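Quick note: the coordinates plus some simple rules give every number you see, no bench work behind them. Not measured: the values here are computed from a predicted model. Glycine gets a Cβ as well: all are built from the backbone with ideal geometry, and neighbour counts include every protein chain shown.
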Amino acid sequence: MAKMSLTTAGESHGKALVAVLEGLPAHLAIDLEKINADLALRQSGFGRGGRQKIEKDAAEILTGVRDGETLGSPVTLCIYNKDYANWQACMSDGACDKATKSAKALTKVRPGHADLTGVIKYAQEDARNILERASARETAIRVAAGGVYKAYLSALGVEIAGRVKSVLDIVDDKEYTFEQLAAAKATQTGIVDKAKDEAAVERIKAMRAAGDTAGGVVEIRVKGLKSGFGGVMTYAEKLDARLAQGLMSIQAVKGVEVGLGFEAATRSGKEVHDEIFYAEDKGFYRTTNRAGGIEGGMSNGEEILLKVAMKPIPTLMKGLQTVDYATKEKAIAAAGRSDTCAIFAMG
Ligand SMILES: Cc1cc2nc3c(=O)[nH]c(=O)nc-3n(C[C@H](O)[C@H](O)[C@H](O)COP(=O)(O)O)c2cc1C
């Protein structure tokens with residue numbers, strides 16, 4: 001079987017987003033409704049901006065699936081951008097309308113976004129040529145691809161759940177069972193605790209009123225992964241390294257923790273390492289899981305526990321100080337119909 005790989009393509013306001021998934025086995029049942037339910041979740045959550053009102057994301061399968069099952073050939077997924085209709089004049093692959101293109105140009109480069117470094121690196125004058133790809137609109141097609149991989153993992157008995165642990169200084173410190181995490185999907189911010197969810201909504205409202213933005217922390221748990229996934233023999237195989245790479249590649253993610261993460265550095269060995277026991281009926285087991293289910297770059301059979309930190313959204317309604325890339329003059333950074341907080345969607 002070919003090595004599994006995922007490639008995504010597509011501009012935020014272009015015709016469509018696409019993904020090519022190689023290396024999937026044949027006979028994997030693909031349920032488009034489940035994928036579209038995940039896409040709807042990605043569009044939800046308190047604090048989102050105007051774009052979500054325009055799009056109603058639905059994935060289409062272009063290749064690799066017949067009669068509801070994968071064929072073992074590359075699977076291609078596609079999400080058409082409804083907003084393209086409003087942008088065609090300046091996002092077309094053919095000749096663009098010069099006046100529209102110039103009106104939609106972004107030169108008041110936003111701190112915290114890819115704009116400034118991108119225009120310099122790719123020798124562009126208009127940061128739109130950068131932001132169209134930097135934009136987290138790309139995560140829509142990654143969520144769709146994730147739905148296919150979840151079907152694969154589910155066939156192996158692996159389940160994934162998550163919840164928002166904090167928004168700014170509002171922290172839900174409660175411990176939840178894996179099953180209780182399902183409740184996060186029905187909340188406003190992804191925070192399971194009702195009072196904290198409400199408090200986070202109020203904090204996001206205050207940020208919006210101030211023209212400011214917010215981030216937060218998401219907890220991810222993976223149940224049912226058997227011992228031995230990943231590898232210790234080469235750095236590239238290490239499961240924790242590969243998960244961190246995948247998670248850090250999500251727009252605005254600035255930190256990933258495995259198990260205790262940074263807290264492990266503040267504790268002694270006795271307070272960190274999970275002691276090993278053996279019983280005939282269950283084999284080797286632990287009574288704690290501070291390692292977050294990964295030792296030596298390999299899953300150890302316990303739940304995989306991860307935390308992901310998202311920085312505040314870089315497009316502020318009251319833009320930050322910047323320089324206009326075209327004139328090199330002092331300017332206020334471009335603002336738009338941006339999200340105030342997208343932590344629910346990031347989860
Ligand atoms: C679900 C989601 C939605 C986002 N929405 C916005 C947004 O509306 N406006 C914005 O400026 N950035 C948004 N971002 C973050 C930017 O895409 C990101 O900060 C930017 O591409 C720069 O990359 P970096 O933060 O990873 O360095 C969003 C991120 C995610 C995960």
May I ask you to derive the relative contact order of the chain, considering only C-alpha pairs under 8 Å and at least 6 residues apart, and to give it as an integer percent?
21
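Could you give the length gained by full extension between Ala37 and Asp281, i.e. 0.36 nm per residue of separation minus their alpha carbon distance, to one decimal place? Walk me through the numbers on the way to the answer.
Working: separation 244, 0.36 × 244 = 87.84 nm, distance 3.90 nm.
Taking Ala37 through Asp281 to full extension adds about 83.9 nm, to one decimal.
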Neighbours of Leu320 by Cβ distance under 15 Å: Lys/Arg at +1, Asp/Glu at -1, summed charge +2
Between Ile332 and Asp97, what is the spin-label point distance in nm, taking each point 7 Å from the Cα along the Cα→C-beta axis?
2.8
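Grab the beta carbon distance between Glu69 and Thr7, set R0 = 35 Å, and tell me the FRET efficiency rounded to 0.05.
On the way: r = 22 Å, r/R0 = 0.63.
Efficiency for this residue pair is about 0.95.
Counting other Cβ atoms within 10 Å, which GluC sites (Glu not before Pro) in region 299-347 have at most 13 and lie in a DSSP loop? Spell out each step's value before the answer.
Details: sites: Glu302, Glu303, Glu329; in loops: Glu302, Glu303, Glu329.
Answer by residue number: Glu329.
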Report the residue, chosen from Ala95, Ala334, Ala326, that carries the largest GNM mean-square fluctuation when the chain is represented by alpha-carbon nodes joined by springs under 10 Å.
Ala95
Calculate for the chain the 222 nm mean residue ellipticity that helices alone would give, adding -39,500 (n - 2.57) per DSSP H run of length 4 or more and normalising by residue count, nearest 500 deg cm²/dmol.
-7500 deg cm²/dmol
Nearest 10 degrees, 0 to 90: what angle lies between the long axis of helix 138-155 and the longest principal axis of the chain (Cα atoms)?
20
Round to the nearest 10 and give me the degree value, 0 to 90, for the angle of helix 194-209's Cα axis relative to the longest principal axis of the chain.
20
Once the Cα atoms of helix 32-42 and of the chain are each reduced to a long axis, what angle between those two axes, in degrees from 0 to 90 to the nearest 10, is obtained?
70
Percent of Cα pairs exceeding the 30 Å cut-off, where the set is the chain:
43
Nearest-0.05 FRET efficiency for Ser154 and Thr177 at R0 = 25 Å, using Cβ-Cβ distance, is 0.85
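Does region 126-226 come out rounded, prolate or oblate by the C-alpha gyration tensor, with a ≥ b ≥ c the root eigenvalues, rounded set by a/c under 1.5 and, if not, prolate when a/b is larger than b/c and oblate if not?
Numbers: a/c = 2.98, a/b = 1.12, b/c = 2.65.
Since a/c reaches 1.5 but b/c is at least a/b, the shape of region 126-226 is classed as oblate.
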FRET efficiency, Asn86 to Gln245 (Cβ-Cβ, R0 41 Å, nearest 0.05):
0.75
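Mind running the shape call on region 8-54? Use the C-alpha gyration tensor, a ≥ b ≥ c as the square roots of the eigenvalues: rounded below 1.5 for a/c, prolate if a/b tops b/c, oblate otherwise.
On the way: a/c = 3.31, a/b = 1.56, b/c = 2.13.
Judged from the Cα gyration tensor, region 8-54 comes out oblate (a/c at least 1.5, b/c at or above a/b).
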Fewest to most Cβ atoms within 10 Å: Ile79, Ile160 sort as Ile160, Ile79
